[in-house]
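Below you'll find the structure, written out as structure tokens, and then a few comments.
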Ligand SMILES: [Fe+2]
């Protein structure tokens, strides 16, 4: 699975949000590496998913403040997308904590698809002048 690479083209013009997006890519990259390892344990995967989703929650709070100040008319719709991720993340964490068998590659691919699409498409509407 190809790891997503950060590029300045994805900048939304806010130092803090850009640096958090970069960190999300790094955490996602670590999860993809781990998922590809046949020796990865359930516990290691659970911890990597938890690290990523915990960081994503903190990041969404920061980003939502920026939406409110820059593009309040888009805030409700965007917050709904974050809520969908928060709900799915909670579900995944619950399943992992309960010891439910998972396919690491499927799990990593699902998180990658959401995060990459979200950062590279939806969040681009945060750029000054995009609204
Ligand atoms: Fe977002």
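The values are calculated or read from the model by the stated rules, or taken from the named source; none is laboratory data. Please read these numbers as outputs of a predicted model, since none were measured by experiment. Cβ placement follows ideal geometry from the backbone for every residue including glycine, while neighbour counts extend to all protein chains displayed.
The residue that is farthest from residue 101 (Cα to Cα), counting only those in the stretch 1-43 that are surrounded by 15 or more Cβ atoms within 10 Å (Cβ to Cβ) and over 15 Å from the mean Cα position of the chain (by Cα), is 14. Looking at this structure, is residue 92 closer than 20 Å to residue 40 by Cα and either crowded, with 16+ Cβ neighbours inside 10 Å or modelled with pLDDT under 95 (or both)? Judged against the criteria, residue 92 is a match.
Scanning the stretch 8-31 for residues that are free of Cβ contacts under 8 Å to residues at least 60 places away in the same chain, more than 21 Å from residue 129 (Cβ to Cβ) and away from the ligand (no atom under 16 Å from the Cβ) returns 26, 29, 30.
For residue 66, the criteria (1) away from the ligand (no atom under 11 Å from the Cβ); (2) at pLDDT 95 or above hold in every case but one, which is (1). Picking from residues in the stretch 65-74 that are within 10 Å of residue 126 (Cα to Cα) and under 19 Å from the mean Cα position of the chain (by Cα), the one that is surrounded by the most Cβ atoms within 10 Å (Cβ to Cβ) is 67.
With the condition kept exactly as written, say whether any residue in the stretch 32-52 is within 12 Å of the ligand (Cβ to nearest atom), at pLDDT 95 or above, outside any loop (DSSP other than H, G, I, E, B) and in contact with a helix residue (DSSP H, G or I) (Cβ under 6 Å, 6 or more places away or on another chain). No: zero hits.
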